[in-house]
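Working notes, structure below.
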Amino acid sequence: MKKRVVAILMATVVAVGSLAGCGSKGGNGGEASTEEGKVINIYSWNDEFRERLEAVYPEVESTSKDGTVTTLKDGTEIHWIINPNQDGVYQQKLDEALMKQADVDTDDK
């Protein structure tokens, strides 16, 4: 019985600890930005996700001829940034974009 109580207590501590970072404060102690852009940038190594999204998401209005921009009915644009997965190019480009998040405009995030 004692082991069971300890196990439940430990599980509770782990659950509370994992939720502790889910507050509304930003990582630098400031308020989280509520500013929203009208562009969603999605990095991928092929166009499979774009094709599936366009097939099932009813809010898609149009797609550019080259497949790099999908426009939604509310005016939001999804920019598809396709990089090959070969030789780690995709991961390198994704890491570069993520490192710049604090310094770029809202629509470039």
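The values are calculated or read from the model by the stated rules, or taken from the named source; none is laboratory data. Computed from a prediction, not measured in an experiment: that's the story for all the values here. When we count neighbours, we look across all protein chains shown, and the Cβ atoms used for this are built from the backbone with ideal geometry, even at glycine.
Values computed for the structure shown
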| quantity | calculated |
| --- | --- |
| Residue among THR76, THR34, THR63 that is modelled with pLDDT under 90 and on the phi < 0 side of the Ramachandran plot | THR34 |
| Scope the range 32-90; condition more than 19 Å from LYS100 (Cβ to Cβ) and in contact with a Pro (Cβ under 9 Å, 6 or more places away or on another chain); matching residues | TRP45, ASN46, LYS73 |
| Top-ranked residue of the range 31-47 - restricted to ones that are among the small types (Gly, Ala, Ser) and in a loop (DSSP other than H, G, I, E, B), ranked as surrounded by the fewest Cβ atoms within 10 Å (Cβ to Cβ) | SER33 |
| Residue list for the range 48-72, restricted to those being aliphatic (A, V, I, L, M) and either surrounded by 12 or more Cβ atoms within 10 Å (Cβ to Cβ) or in contact with a helix residue (DSSP H, G or I) (Cβ under 6 Å, 6 or more places away or on another chain) (or both) | LEU53, VAL60, VAL69, LEU72 |
| Neighbours by Cβ (under 8 Å, 6+ apart or cross-chain): first from the range 44-63, within 22 Å of GLN91 (Cβ to Cβ); second assigned to a helix (DSSP H, G or I) and at pLDDT below 90 | SER44/TYR90; TRP45/TYR90 |
| Checking GLY88 against (1) under 22 Å from ASP108 (Cα atoms); (2) surrounded by 11 or more Cβ atoms within 10 Å (Cβ to Cβ); (3) out of contact with any Gly (no Cβ under 9 Å at 6 or more places or on another chain); (4) not aliphatic (A, V, I, L, M), the condition it does not meet | (1) |
| Test: THR106 is surrounded by 10 or more Cβ atoms within 10 Å (Cβ to Cβ), modelled with pLDDT of 85 or more and hydroxyl-bearing (Ser, Thr, Tyr) | no |
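Yes/no per residue for (1) in a loop (DSSP other than H, G, I, E, B); (2) touching an Asp or Glu at 6+ places or on another chain (Cβ under 8 Å):
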residue	(1), (2)
ALA55	no, no
ASP66	yes, no
THR70	no, yes
HIS79	no, no
PRO84	yes, no
TYR90	no, no
LYS93	no, no
ALA97	no, no
